[in-house]
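Everything below concerns the one structure shown next.
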Amino acid sequence: MSVKIYNFVVLVTCIVILTISMTCQANDLGISIFGFKWQMHCVSKHLLGIRCALCGMTHSFCAMGHGRLAEAFGYHRLGPLLFCFILFQIPYRIHAIALKVRRSLLKKANVYFAVAVGIAIIVNWLVYLGGRVI
């Protein structure tokens, strides 16, 4: 797959995620979109009784999509950070498609941001599970 197509696919995916988060309504019973109610359940939590690293992220994104920052933090403390990362992808991917940037400060910032978010999610999950971070 070419770099341009990859950037386009990531761009469209991020736009879809953000659009869905702005159209969904979330509450403790589940999520509804256009009147259709969907009872969201984490497979890990449901089958094993253990929250996964992203439990509450969908609810957090829905809250962020409606501008409810405090509520978003309540569902998942890293939800707003990941939401901002996905939001950042839109101008970054448009820039990458338009200018065919291969090595730039913006590209390095994107990689560092992605790694930091990934590490933060794993550390958050380990702390939740009772692990100690050295």
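The values are calculated or read from the model by the stated rules, or taken from the named source; none is laboratory data. Keep in mind that this is a model prediction, so the values were computed, not measured. All Cβ positions, glycine included, derive from the backbone under ideal geometry; neighbour counts span all protein chains shown.
Residues of segment 60-79 being under 12 Å from the mean Cα position of the chain (by Cα) and not small (Gly, Ala, Ser), which ones?
Listed by number, the residues that qualify are Phe61, Cys62, Met64, His76, Arg77, Leu78.
Select from segment 75-106 the residues that are farther than 17 Å from Ile15 by Cα and charged (D, E, K, R) and write down the one among them that is modelled with the lowest pLDDT.
Out of the qualifying residues, it is Arg102.
Testing Leu47 on (1) surrounded by 13 or more Cβ atoms within 10 Å (Cβ to Cβ); (2) in a helix (DSSP H, G or I); (3) modelled with pLDDT under 90; (4) out of contact with any strand residue (DSSP E or B) (no Cβ under 7 Å at 6 or more places or on another chain), one condition comes back false. Which one is that?
(1)
In the set Cys62, Cys52, which member is in contact with a helix residue (DSSP H, G or I) (Cβ under 9 Å, 6 or more places away or on another chain), surrounded by 12 or more Cβ atoms within 10 Å (Cβ to Cβ) and outside any helix (DSSP H, G or I)?
The unique qualifying residue is Cys52.
Exactly one of (1) surrounded by 18 or more Cβ atoms within 10 Å (Cβ to Cβ); (2) part of a helix (DSSP H, G or I) is unmet by Thr19. Its number?
Unmet for Thr19, out of (1) surrounded by 18 or more Cβ atoms within 10 Å (Cβ to Cβ); (2) part of a helix (DSSP H, G or I): (1).
Taking into account only those residues within segment 22-44 that are hydrophobic (A, V, I, L, M, F, W, C), free of Cβ contacts under 8 Å to residues at least 40 places away in the same chain and surrounded by fewer than 16 Cβ atoms within 10 Å (Cβ to Cβ), which is farthest from Tyr128 (Cα to Cα)?
The qualifying residue farthest from Tyr128 (Cα to Cα) is Phe34.
Are any residues in segment 50-74 among the basic types (Lys, Arg) and modelled with pLDDT of 90 or more, and if so, which ones?
Within segment 50-74, Arg68 is the sole residue that qualifies.
Among the candidates Ala109, Ala70, Ala98, single out the residue that is surrounded by fewer than 16 Cβ atoms within 10 Å (Cβ to Cβ), small (Gly, Ala, Ser) and closer than 14 Å to Tyr6 by Cα.
Ala98
Quick one: is Val117 modelled with pLDDT under 85, out of contact with any Asp or Glu (no Cβ under 7 Å at 6 or more places or on another chain), surrounded by 14 or more Cβ atoms within 10 Å (Cβ to Cβ) and of a type in the set (A, V, I, L, M)?
no
Quick check: anything in segment 92-113 of a type in the set (A, V, I, L, M) and either on the phi > 0 side of the Ramachandran plot or within 15 Å of the chain's Cα centre (by Cα) (or both)?
Looking for residues that are of a type in the set (A, V, I, L, M) and either on the phi > 0 side of the Ramachandran plot or within 15 Å of the chain's Cα centre (by Cα) (or both), one finds none in segment 92-113, hence no.
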